[in-house]
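Chemist: Supplied in structure tokens, the structure appears directly below.
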Amino acid sequence: MFHLILTACVAANSGQCLDLLLPEGDAATQQDCLAAAQRISGEWIAARPDLTATKSTCRETTEVETVDLEEVAPGIWVRRGIIAQIEAENRGRIANLSVVIGRDSVAVIDAGASRAEGQALYAAIRRLTMKPISHLVLTHMHPDHVLGASVFTEAGATVMASAKLPPALEARAMTYLENFDRILGPREMIGTSITLPVALVEESDRIDLGERVLELRAVLTAHTDNDLMVRDETTGALFTGDLVFRGLTPVVDGSINGWLNWLAEPPAPGGVIVPGHGEIAQNWQEAVAKQADLLVQLRDSVRKSIASGQPMSVAVPEIVDQLQGLADGWTDFPETIARDATAAYKELEWE
Ligand SMILES: [Zn+2]
């Protein structure tokens, strides 16, 4: 397959340019790709006044930048994110992104931190299969999971998420884009935009990929207020999004009590568990034990501080100190735990 690659530059700074893959231009031959290139590129860039185009070319799938996909169960491929906080050096590529291939079509679970990351995932999928990408499921609103979505909607995928995701993402959209522009740089973010889901999951839903069904389940407020987990009925594989962190310190952006409630109710035993960050786990215990222990101790420490009348400004650094013994195996521990302790304090002071 050949892909249309448009070199787009920041209109305000023509030195900042990035190659964008426009899925609408996919074609079986280079000739067919080139024939439509000018029209597709022209329409795409005309809709984006913040960008200018310099040239478009057609490249074979093998010549396009991809991400590494690893098959973790039959027909299930995962790009494992780097276990770190978002920084320029890792291009924000820290979230695990998954691909499930059915008989008729493909579902993608989470899209990455930028158009650039999303399209590298798209190209990696195209090295595996030419089947249509029918669905993109967003596990929650966080930018490292959702900002790569536009390339999949252009490829024809229906974007699905918790019904609570759109207002949460819209409220944070400008902040996310400004922060990522600052951290990753404007070049890396060329073509990145907010894509809202069109298929909203109130409680549960199903995706039929042909001889393979994915079950989607919205979760009560835990990591965020719009978490959604996905289960593959064929292999029992569970995609938890950031309801499970491994290696990277868990971030409380929803409710620590809600998260612990979710952790206390393990799903039916099944296949592999793909966390939002970190290594794939073979079972529930392996996936969540370390995280559950950390969150329980965090909640207990915060409750004690509140009970003893400590103001938050005094409590937070003390809690970080108290929990330091648990830091082994968690990246970015003190910084994230300080933020988590603040969030938990605000939640638990009303108990
Ligand atoms: Zn998250």
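Chemist: How do the pairs read when you match residues in the range 217-229 that are within 19 Å of N96 (Cα to Cα) with residues anywhere that are of a type in the set (S, T, N, Q) and open to solvent by 10 Å² or more (accessible area, probe 1.4 Å), using Cβ under 6 Å and keeping only pairs 6 or more apart or on different chains?
Modeler: R217/S204
Chemist: Of the conditions (1) touching an Asp or Glu at 6+ places or on another chain (Cβ under 9 Å); (2) in the same structural domain as P74 (by TED's automatic domain parsing); (3) away from the ligand (no atom under 14 Å from the Cβ), L260 satisfies every one except a single condition; which number is it?
Modeler: That leaves (1) as the condition not met.
Chemist: Oh, and also: Evaluate the following for H223: is it open to solvent by 10 Å² or more (accessible area, probe 1.4 Å) and either modelled with pLDDT of 95 or more or not hydrophobic (A, V, I, L, M, F, W, C) (or both)? Break it down into steps so the answer makes sense when it comes.
Modeler: On the way: open to solvent by 10 Å² or more (accessible area, probe 1.4 Å): no; either modelled with pLDDT of 95 or more or not hydrophobic (A, V, I, L, M, F, W, C) (or both): yes.
Against the criterion (open to solvent by 10 Å² or more (accessible area, probe 1.4 Å) and either modelled with pLDDT of 95 or more or not hydrophobic (A, V, I, L, M, F, W, C) (or both)), H223 does not qualify.
Chemist: Please work out if T224 is in the same structural domain as A116 (by TED's automatic domain parsing), under 22 Å from G92 (Cα atoms) and in a loop (DSSP other than H, G, I, E, B). Before you say what the answer is, go through the steps one by one.
Modeler: Details: in the same structural domain as A116 (by TED's automatic domain parsing): yes; under 22 Å from G92 (Cα atoms): yes; in a loop (DSSP other than H, G, I, E, B): yes.
Yes, satisfied.
Chemist: Okay, moving on. Looking at the structure I just gave you, is V137 surrounded by 24 or more Cβ atoms within 10 Å (Cβ to Cβ) and more than 20 Å from L20 (Cβ to Cβ)?
Modeler: Values: surrounded by 24 or more Cβ atoms within 10 Å (Cβ to Cβ): yes; more than 20 Å from L20 (Cβ to Cβ): yes.
The answer is yes for V137.
Chemist: Shifting gears a bit: For the range 178-196, indicate whether the set of residues that are part of a loop (DSSP other than H, G, I, E, B) and open to solvent by 70 Å² or more (accessible area, probe 1.4 Å) is non-empty. Step through it out loud before you land on a result.
Modeler: Filtering the range 178-196 down to residues part of a loop (DSSP other than H, G, I, E, B) leaves 185-196.
So of that shortlist, the ones also open to solvent by 70 Å² or more (accessible area, probe 1.4 Å) come out as 187.
Scanning the range 178-196, I find at least one residue that is part of a loop (DSSP other than H, G, I, E, B) and open to solvent by 70 Å² or more (accessible area, probe 1.4 Å), so the answer is yes.
Chemist: Working only within the range 233-264, note down all residues that are under 15 Å from V296 (Cβ atoms) and open to solvent by 10 Å² or more (accessible area, probe 1.4 Å).
Modeler: V252, S255, N257, G258, L260, N261, W262, L263, A264
Chemist: Another one. Give the number of residues within the range 165-194 that are under 18 Å from V219 (Cβ atoms), more than 16 Å from the chain's Cα centre (by Cα) and touching a residue at least 12 places away in the same chain (Cβ under 8 Å).
Modeler: In the first step, residues of the range 165-194 are kept if they are under 18 Å from V219 (Cβ atoms); the result is 165-169.
From the residues that got through so far, the ones that are more than 16 Å from the chain's Cα centre (by Cα) too are 167.
Add one more test, that the residue is touching a residue at least 12 places away in the same chain (Cβ under 8 Å), and what stays is none.
Final tally of qualifying residues: 0.
Chemist: Does A289 satisfy being without any contact (Cβ under 8 Å) to a residue 12 or more places away in the chain and either assigned to a helix (DSSP H, G or I) or open to solvent by less than 60 Å² (accessible area, probe 1.4 Å) (or both)? First the steps, then the outcome.
Modeler: Numbers: without any contact (Cβ under 8 Å) to a residue 12 or more places away in the chain: yes; either assigned to a helix (DSSP H, G or I) or open to solvent by less than 60 Å² (accessible area, probe 1.4 Å) (or both): yes.
Taking the combined requirement at face value, the residue satisfies it.
Chemist: Here is a further query. Count, please, the residues in the range 216-244 that happen to be within 16 Å of the ligand (Cβ to nearest atom) and among the hydroxyl-bearing types (S, T, Y).
Modeler: Number satisfying all stated conditions: 3.
Chemist: Consider the range 73-87. How many of its residues are under 17 Å from L248 (Cα atoms) and of a type in the set (G, A, S)?
Modeler: So the answer is 2.
The values are calculated or read from the model by the stated rules, or taken from the named source; none is laboratory data. No experiment lies behind these values; they were computed from the predicted model shown. Cβ atoms come from the backbone with ideal geometry, glycine included; neighbour counts cover every protein chain shown. In case anyone asks, the SASA skips ligands and DNA or RNA and just uses the protein heavy atoms, side chains included. Shrake-Rupley method; radii C 1.70, N 1.55, O 1.52, S 1.80 Å.
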